[in-house]
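*Asks:* Following this message is one structure expressed as structure tokens.
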Amino acid sequence: MATQTTSKPRSFARSLTTAARILMGLGFLVFGLNGFLQFLPQPKSMPEGAAAFAGALMKTGYMFPTIMGTQVLVGVLLLLNRLVPLALALIAPVIVNIIAFHLFLAPSGIGPGVVVLVLELYLAWAYRNAYRPMLALRAKPF
């Protein structure tokens, strides 16, 4: 009789967390790299305020590369499953600005931003235990 290897089946929640992490990691890696390499087509037209905002980020000389570099770093960390809580904390301000940009300047493109926000919130919840010490009302010194 052949021996069967019994492995513990992965739970649905764990699989969902992995899928969300990989999807978010791929998105930020691709779009972050696109910020440097411009391999995806640019939008043909953009509302005036949105174009002015994007132009201002680029004119600073540091802000656009910082945002794109953060996206690449976070994408790699999420794909490698390394420092995931830190990666989620690093990308949170970028996601807030993606949502704000689309709410106030380019509402027609908000769909992908909402997907990223949902993934971020789900993953933050999945990794909530990592954030507990940071969210303590009274921190105890070491």
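The values are calculated or read from the model by the stated rules, or taken from the named source; none is laboratory data. Just so we're clear, the structure is a prediction, and the values are computed from it rather than from any experiment. Side chains included, ligands, DNA and RNA excluded: accessible areas come from the protein's heavy atoms. Shrake-Rupley method; radii C 1.70, N 1.55, O 1.52, S 1.80 Å.
*Asks:* So what's segment 1-137 giving for Cα Rg divided by 2.2 N^0.38 Å, two decimals?
*Replies:* Computed over Cα atoms of segment 1-137, the ratio equals 1.28.
*Asks:* Let me ask something else about it. Select from Pro85, Pro41, Pro93 the residue whose mean-square fluctuation is largest in a Gaussian network model of the chain (Cα-Cα springs shorter than 10 Å).
*Replies:* Evaluated over the chain, the most mobile residue of the options is Pro41.
*Asks:* Can you work out the accessible area per residue across the chain, with the rest of the protein chains kept in place, probe 1.4 Å, in square angstrom?
*Replies:* Using a 1.4 Å probe on heavy atoms only, each residue of the chain averages 73 Å².
*Asks:* Something else about it: Rounded to whole Å, give me the distance from the Cα center of segment 59-112 to that of segment 9-43.
*Replies:* Each part reduced to its Cα centre gives a spacing of 12 Å.
*Asks:* Could I ask something else about it? Which angle from 0 to 90°, rounded to the nearest 10, does the C-alpha axis of helix 63-80 make with the longest principal axis of the chain?
*Replies:* Once rounded, the angle reads 20 degrees.
*Asks:* Please report, as a whole percent, how much of the solvent-accessible surface of segment 25-80 comes from carbon and sulfur atoms (probe radius 1.4 Å).
*Replies:* 72
*Asks:* So, with a 1.4 angstrom probe, what is the percent of accessible area on segment 83-142 that is carbon and sulfur?
*Replies:* The value for segment 83-142 is 74 percent carbon and sulfur by accessible area.
*Asks:* In whole Hz, with x marking every Gly and Pro, tabulate ³J(HN,Hα) for segment 90-103 from phi via Karplus 6.51 cos²θ - 1.76 cosθ + 1.60, θ = phi - 60°.
*Replies:* Whole-Hz 3J(HN,Hα) from phi for segment 90-103: 5, 8, 4, x, 5, 5, 4, 6, 4, 5, 4, 4, 6, 5.
*Asks:* Let me ask something else about it. Based on DSSP H runs of at least 4 residues, each adding -39500 (n - 2.57), what is the mean residue ellipticity at 222 nm of the chain after dividing by all its residues, to the nearest 500 deg cm²/dmol?
*Replies:* Taken over the chain, the calculation gives -23000 deg cm²/dmol.
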